[in-house]
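K.L.:
Can you read through this structure? Questions will come right after.
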Amino acid sequence: MSIATTDLKINAALQRVQLIPDVLSDVTSSTLLQIIFKESGKEVLLGNNFTSVETKEQPTINLIALSESDYYTLVMMNPDAPSRHDQKVAPWRHWIVVNIADSDVKNSVSQAENHHTPYIGPGPGENTGIHRYTFLLYK
């Protein structure tokens, strides 16, 4: 499957849950990003659900890029704070990691000085519905 086909599928999935246009205009990908929450061992995929317990601890990040000399910024945010129908404090910033080196992701993510915003796990309020926690990776 080509990157162009992958981009179309990703964009279609993001449109279905309205992250496009609520958060993004479109997505182009040149990097494979994998996010796994240790507590459950579950991988973050488009549209899957997690409990607050499963996302309490900072997830493991893996990425494969076209060049090992590139650096990335990872953002985890909630566009539905405090709820999808009342986004008065959205987007809520849950985690920002800068200077992620493709050549050494694990070390980059573990360095405290690379954490612009330390990890804050999801904790939606009661009766606020499903939240669309979103991971964005920028080169």
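The values are calculated or read from the model by the stated rules, or taken from the named source; none is laboratory data. Owing to the predicted nature of the structure, the values given are computational and were not obtained by experimental measurement. For neighbour counting, all protein chains shown are included, and Cβ atoms are generated from backbone atoms with ideal geometry for every residue, glycine included.
K.L.:
Would you check if there is a residue in segment 52-74 being part of a loop (DSSP other than H, G, I, E, B), touching a strand residue (DSSP E or B) at 6+ places or on another chain (Cβ under 6 Å) and hydrophobic (A, V, I, L, M, F, W, C)? Quick ask: steps written out before the conclusion?
P.N.:
Initial filter on segment 52-74 (part of a loop (DSSP other than H, G, I, E, B)): 52-59, 65-70.
In the following step, the residues that additionally are touching a strand residue (DSSP E or B) at 6+ places or on another chain (Cβ under 6 Å) were identified as 54-55, 59.
Subset that is hydrophobic (A, V, I, L, M, F, W, C): none.
For segment 52-74, residues part of a loop (DSSP other than H, G, I, E, B), touching a strand residue (DSSP E or B) at 6+ places or on another chain (Cβ under 6 Å) and hydrophobic (A, V, I, L, M, F, W, C): absent.
K.L.:
Considering only residues that are β-branched (Val, Ile, Thr), assigned to a helix (DSSP H, G or I) and more than 27 Å from residue 106 (Cα to Cα), look in segment 1-34 and name the one that is modelled with the lowest pLDDT.
P.N.:
Residues of segment 1-34 that are β-branched (Val, Ile, Thr), as a first pass: 3, 5-6, 10, 17, 20, 23, 27-28, 31.
Filter once more, so that each one left must be assigned to a helix (DSSP H, G or I): 3, 5-6, 10, 20.
With the extra rule that they be more than 27 Å from residue 106 (Cα to Cα), the set shrinks to 5, 20.
Numbers: 5: 59, 20: 90.
Step by step, filter segment 1-34, then rank; the result is 5.
K.L.:
Looking at (1) more than 24 Å from residue 108 (Cβ to Cβ); (2) surrounded by 15 or more Cβ atoms within 10 Å (Cβ to Cβ); (3) modelled with pLDDT of 90 or more, find the lone condition where residue 37 falls short.
P.N.:
(1)
K.L.:
Among what's in segment 80-139 and is of a type in the set (D, E, K, R) and part of a helix (DSSP H, G or I), pick the residue that is surrounded by the fewest Cβ atoms within 10 Å (Cβ to Cβ).
P.N.:
So in segment 80-139, the residues of a type in the set (D, E, K, R) come out as 80, 84, 86, 88, 93, 102, 104, 106, 113, 126, 132, 139.
Applying the additional criterion that residues be part of a helix (DSSP H, G or I) yields 102, 104, 106, 113.
On the way: 102: 18, 104: 12, 106: 10, 113: 7.
Within segment 80-139, the match that is surrounded by the fewest Cβ atoms within 10 Å (Cβ to Cβ) is 113.
K.L.:
When residue 124 is evaluated against the numbered criteria (1) over 17 Å from residue 61 (Cα atoms); (2) more than 18 Å from the chain's Cα centre (by Cα), which criterion, by number, is the only one it fails?
P.N.:
All conditions are met except number (2).
K.L.:
While we're looking at this one, here's another question. Could you grab me the full set of residues in segment 96-139 that are of a type in the set (A, V, I, L, M, F, W, C) and touching a His at 6+ places or on another chain (Cβ under 8 Å)? It would help to see each step written out before you state the result.
P.N.:
Just the residues of segment 96-139 that are of a type in the set (A, V, I, L, M, F, W, C), to begin with: 96-98, 100-101, 105, 109, 112, 120, 130, 135-137.
Hits for segment 96-139 are 96, 97, 98, 120.
K.L.:
Residue 22: more than 22 Å from residue 119 (Cα to Cα), in contact (Cβ under 8 Å) with a residue 40 or more places away in the chain and surrounded by 14 or more Cβ atoms within 10 Å (Cβ to Cβ), yes or no? Let's see the steps before the verdict.
P.N.:
Details: more than 22 Å from residue 119 (Cα to Cα): yes; in contact (Cβ under 8 Å) with a residue 40 or more places away in the chain: yes; surrounded by 14 or more Cβ atoms within 10 Å (Cβ to Cβ): yes.
Considered against the rule, which asks whether it is more than 22 Å from residue 119 (Cα to Cα), in contact (Cβ under 8 Å) with a residue 40 or more places away in the chain and surrounded by 14 or more Cβ atoms within 10 Å (Cβ to Cβ), residue 22 comes out as yes.
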